[in-house]
Every structure is written in C-alpha cells, then in structure tokens.
Amino acid sequence: MLEIDVTRRQGDFTLEIAFTAGSGVTALFGQSGSGKTSLINMVAGLSQPDRGRIAVDGKVLFDSGRGVNLPPESRRLGYVFQEHRLFPHLSVHDNLCFGMKRLPPAERRISVDHVVSVLGIGPLLDRRPTGLSGGEKQRVAIGRALLASPRILLMDEPLASLDGGRKNELLPFIAGLSRQFDIPIVYVSHSMEEVLRLADTLALIDAGRLAAIGSVEDLLSSPNYAALTGHGEAGSVIAATLTGEESAFGISTLAFPGGELKVSQIASPSGTLVRVRIHAQDVAIALAPPVGLSVRNQLSAVVRSVTPLDFYLVDVILDCGGCALWSRITAEAQSELSLRPGMSVTALIKSLTIARGDVADRPFGLVDTLPG
Amino acid sequence: MWFTLTPLEREALSLSLLVSGWAVVGSLPFGIFSAWVLARRDFPGKSLFDGLIHLPLVLPPVVVGYALLVLLGRKGVVGAWLYDWFGITLAFTWKGAAIASAVVAFPLMVRAIRLALEGVDRGLEQAARTLGCGPIRTFFSVTMPLAMPGVLAGVILAFARSLSEFGATITFVSNIPGETRTLPIALYALTQVPGSDEPALRLCIISVVVAFAALLASEILAHRMRVRMEG
C-alpha cells in the first residue's frame, strides 16, 4: 500500500496531493502538466517534496518532519518510464538482470524465466536494445523493473510513445501484471482508454491537486467529474461480465449487479470482465415497464438525483442494482414525468447504441474480482 | 639503413612513450573527476576552477615549466617537502617530464571527457538509481561505459599532446640523455648541430608515425564501441 501526502512548489505551480493507493492498478489521470509525473518522481525519490510523507507498506520513504529521505536506490520501487530508458551498452538479458543482480538472492521474488515467458521476450535476450521495436523495448523495460522485485511498480505513460498497434499489443501484458506478479501498480496516464482497460482505482489530478479518487466506474459515471475525465460525451461506466452470446442474432449478454445487458457481439470468451460505457443520451426513462418495444435492455432502477443542466436538458442519475446509470433527457420530458429521487422507473437502452468501442476488455480480469 | 632505429632514436622514442604513457595514466583519474565536477556539479567558484584547469592551454609552456620548477624543484615549495619526507626528486628526471606533459595535456583530456559526460542521458542514470544502484555504482556501470568513446578520445588527445610536449619539459627537466631527452627535445638538440639534417628528418618521421598510429588506434576503438552499442 502506498501512502502519500506531499507538497512541492515549482515556480508558480504548487503540487499538493494526499491519497492512499492499495492493491491492483491505481491510475493517476489528468491533463499534461497537472503534476502526475512530478508526483511519481517524488515517490521514486528522483525529486524531493518540500514537505510531507511517503510510505509504502508501512516503510517510510520520505518524511520531512522526521528528516527521512531515502535515496532512490533504497526505496525498492520499480519505475517504467515513458521512454524505455534501456541501457544501450548492455544486451537485453543484462538489462533485465541489472536491478536483480544488486538484490540479495533471498529477496528475489520474481524469476527471470517467469518474466521472460509472460512478456514473450525470449528471442530477444541476446540482442541490444537499439535494434528492438518500440513495443519490444517497453516490454524489456517492464521486465527489468519487475525483476528488481519492487514493492510497487510505477509506470509513467508507458504506452504514450507507441503507435496504436503496439499499444494494443502491450495493453494485455500490463493489465495482467498486477495480478500475475502480485504487485500494486501506480499508472500515470492521460488516455481514458488505458484507464478503462487497466485501472481498478482512478485518481483524478487537476492542476497539482487531487480532484477525486475512487473506483473507475464511480468516477466516470458521475457528472461532477465529466470536465476532468474529458471523456467524450456524458455517460456512465459499468463493470460487467460476459455471460453468453446469441450468435444467430449477433448479440452478446453481459451480467452486472443491476441485471443483464444485451450488446452487439463481443469476440472474447464467456467469463471475461469488461467495462461498458453507456452514453447518457442513449438512456431513456419509462415510469412503468413498457410492452411491445424494440428496445432490448429494460432495467429496473431508482432515481438517485435530478439535476437541470440548462433550460433544455436535465441530467438524471439512476441507481441500477448499486451501479450509477446516467440518463440525459429534455426538460420538457422531465416536466411531464416529474422525476424525483426515490422513484422507481425503468431504464431503456438500445443494444445497438452500445458499440464495440464502448466495451473494454480487461483481459486478465477474473469473474471473482467483480466489484459488488 | 632507414628502417632500423639507431640507439639514440630508440632511446628517445621509448622515453617519449614512457613519459607520455605515465602522464596519461597518472592524470586520467583526476581528469575524469574534474570533468565530472564540471559537467555535473554547480558550486560557487566553478568558473574559477574551470579557468584554472584550462590555464595550461593558454599559457606559454615555458611558464608552466618554470612554475613547476618553482613548485616541485628540489628547493621548491612542494619539491623540498617531497624530497625531505619521501626522497622523491622530480626536477631533471623522467618523472618530472611526465608531470610536465600531464599538466600541459590536462585541459585537452578534461574537455573531451566533460563533453562525453554531458552527452550521457541523465534519464539512464535515474533508471539505474531506481534499479538499486547507488551514485558511485551508477557512475561506473552506466555513466562511464556510455562516456567511454569520449574518454578514449580524451586519452588519445592527451597522449598525442604529451608526445609533442617540449617547452614545459625542457624548462622543468632540461635535456638529459636517457632521462629526459624525449623525441621533440632530441629533435631540437639535433637542429642545433650543423649538418644533422638527415637524423632530424628521421626523428620527424618517427614522431609523425607514432602520432598517426595513436589517432588510428582511437578511431578503430571508437568504431568498435559504436558497433557494439548498436548491434
């Protein structure tokens, strides 16, 4: 577990952030220049806060009050940089073993063979980093950090310098790392797609401050943070499990605490954890379950809040088995329905409005980790 | 016989190689340290330190030689102390010649190594730190290997400068056959004797060949290092 509470001034910019990150993947999300990288550099010991405290699993790395400031080499944190930063004078194998060699054998938790097979870098071992592709370099960099058996793995936009194809090749590896090597990951990103596919917890960073921290689903389904997450149109994110498909109709079914969702067919196997994004404008509300309707998804829900957006639109947050479902209706519809918090309603979502791009696989996700 | 060296030539050549070799080997640790301080540290008086190191580059070598004589001569400030406590004499010995060469070549060595150190990506050093290497270990396992082509260039440059050193040497250690008569000094002595054109020319050619061989060796080594890093 990472506990952090730091302040640092850099010219006009003040960074003042406190939070705790547990197991799994914690994403630090924010615009460029919001202080994400400065923050993990402080955690790694590459820069120093003016004031504060940083601890990992109870071990204090920095404490201005007690005058503790461990150098980076004594912190035992893995760091995967945006640019791979492999040592050009060493082979891939020597790069991988660079941190491990400096560790007493008793403290090596992770074996070279395991890392090499998970990351698929066996054929590269004798080569020099210069000849590798961007994706290969970043995989070696991840392996190098893991082999130092760190307490936490810090990743600073490791996919930012890669093109789309390489990104998709690397995402599954990163998604599985935390569980496969039982290591918490702090992942800096400004890509919402990466957050959706990788993160368990989301920390929103804005201008040097922590705007919010919580589960990915909660924060992305809340109108309060829509400006910060900057994620296209308004909508909610729901964690679900792929339960089956009706291939004759090109439909897949997803189970989530609020019921069942039918979406256009997904190629992943049954049992895969996914996150579904549902645009607010695609969610209609009926006061009673309608009959004879083409809309495939009819979910019973309770109104949580009703917030007028302007003279034309109203945001309605529904509670659907504990999951927030965001609906955006016209003010005129609201004047007719008179929705109030606590009312039981039926949410209607057309299957075809949930496109393939709205469903993000979490490849190594297991059914038993489904929240709720 | 053009291709066999006369005893006098052999003596001057081996003395030159000995003096230059020791000048470079002895000053290399100091050179690397000074270059590192200049490339990586900020402190009050840094430009003064920089100027001091570069001074031999702009001073007349005779001034350097005379300063060494005053400092390190048998009756000099440091020289008297060295003789009384350790029985070491530098003036008028080949060791003194090595020191004179080292001082004159030092700025060239430091410049080349400093440039190489400045070219090393600090991000790689940070990466090494996060992987458990302390600052000293990082220096030897990452910084130095990456700066090696530049260090090599500095060594060769300093070696070549030492081979050609004349003014400071003759002022500090004079012209003693078999002790301080290096190639340039032997050549100078010959030019003072009428009718020595041929032996003087032979010494010239030997000097050119040695200097050229040193440059060639450095090119080949640097090329090999580049290939190793890219392969």
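The values are calculated or read from the model by the stated rules, or taken from the named source; none is laboratory data. Because the structure is a prediction, the values reported are computed rather than measured. Heads up, the Cβs are rebuilt from the backbone with ideal geometry, glycines too, and the neighbour counts pull from every protein chain shown.
Odds and ends about this structure:
- Matching strands (runs of 3 or more DSSP E) fully within segment A:286-335 where at least 3 residues are polar (S, T, N, Q): A:297-308
- Residue count, segment B:24-74 (criterion: among the hydroxyl-bearing types (Ser, Thr, Tyr) and either farther than 18 Å from B:Lys95 by Cα or touching an Asp or Glu at 6+ places or on another chain (Cβ under 8 Å) (or both)): 2
- Test: residue in segment A:44-57 that is on the phi > 0 side of the Ramachandran plot, in the same structural domain as A:Ile205 (by TED's automatic domain parsing), among the small types (Gly, Ala, Ser) and surrounded by 21 or more Cβ atoms within 10 Å (Cβ to Cβ): yes
- Set B:Gly178, B:Gly167, B:Gly79, B:Gly73: member being crowded, with 18+ Cβ neighbours inside 10 Å, within 30 Å of B:Pro7 (Cβ to Cβ) and more than 14 Å from the chain's Cα centre (by Cα): B:Gly167
- Segment A:55-76, subset in contact with a Gly (Cβ under 9 Å, 6 or more places away or on another chain) and among the hydrophobic types (A, V, I, L, M, F, W, C), residue nearest to B:Arg129 (Cα to Cα): A:Leu70
- The listed residues are A:Ser133, A:Ser149, and the only one of them that is at pLDDT 90 or above and over 22 Å from the mean Cα position of the chain (by Cα) turns out to be A:Ser149.
- Residues satisfying the stated conditions in segment A:173-209, i.e. out of contact with any Leu (no Cβ under 6 Å at 6 or more places or on another chain) and of a type in the set (Gly, Ala, Ser): A:Gly176, A:Ser178, A:Ser189, A:Ser191, A:Ala199, A:Ala207
- Flag for A:Phe62 being within 30 Å of B:Met225 (Cβ to Cβ) and of a type outside the set (A, V, I, L, M): no
- Of the candidates A:Gly292, A:Gly250, A:Gly271, A:Gly259, the single residue that is on the phi > 0 side of the Ramachandran plot and in contact with a helix residue (DSSP H, G or I) (Cβ under 7 Å, 6 or more places away or on another chain) is A:Gly271.
- Long-range neighbours under 7 Å by Cβ, at least six apart or interchain, first residue in the same structural domain as A:Gln298 (by TED's automatic domain parsing) and within 11 Å of A:Ser351 (Cα to Cα) within segment A:246-271, second assigned to a loop (DSSP other than H, G, I, E, B) and of a type in the set (Lys, Arg): A:Lys262/A:Arg296
- The requirement of being farther than 28 Å from A:Pro123 by Cα, part of a helix (DSSP H, G or I), out of contact with any Lys or Arg (no Cβ under 7 Å at 6 or more places or on another chain) and touching a residue at least 40 places away in the same chain (Cβ under 8 Å) is fulfilled nowhere in segment A:171-185; no residue meets it.
- Selection of segment B:121-133 for residues being outside any helix (DSSP H, G or I) and either on the phi < 0 side of the Ramachandran plot or more than 10 Å from chain A (Cβ to nearest Cβ) (or both) yields B:Asp121, B:Leu131, B:Cys133.
- Unmet criterion (only one of (1) farther than 25 Å from A:Cys320 by Cα; (2) in contact with a strand residue (DSSP E or B) (Cβ under 8 Å, 6 or more places away or on another chain); (3) crowded, with 19+ Cβ neighbours inside 10 Å; (4) not acidic (Asp, Glu)) for A:Leu170: (2)
- Elements of type strands (runs of 3 or more DSSP E) contained in segment A:1-118, each with 2 or more residues being away from chain B (no Cβ under 14 Å): A:2-10, A:13-21, A:25-29, A:51-56, A:59-63
For every residue, the table says whether it meets (1) modelled with pLDDT under 85; (2) farther than 19 Å from A:Leu318 by Cβ.
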residue: A:Pro184; (1), (2): no, yes
residue: A:Ala199; (1), (2): no, yes
residue: A:Leu210; (1), (2): no, yes
residue: A:Glu233; (1), (2): yes, no
residue: A:Thr243; (1), (2): no, yes
residue: A:Glu260; (1), (2): no, no
residue: A:Ser264; (1), (2): yes, yes
residue: A:Leu273; (1), (2): yes, yes
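- Restricting the search to helices (runs of 4 or more DSSP H) fully inside segment B:134-178 and requiring at least 2 residues that are more than 11 Å from every other protein chain (Cβ to nearest Cβ) gives B:144-163, B:167-173.
- Count of residues meeting criterion [in a loop (DSSP other than H, G, I, E, B) and surrounded by 12 or more Cβ atoms within 10 Å (Cβ to Cβ)] in segment B:36-59: 1
- Residues considered: A:Leu202, A:Leu210. Of these, the only one that is surrounded by 16 or more Cβ atoms within 10 Å (Cβ to Cβ), under 24 Å from A:Gly22 (Cβ atoms) and out of contact with any helix residue (DSSP H, G or I) (no Cβ under 6 Å at 6 or more places or on another chain) is A:Leu210.
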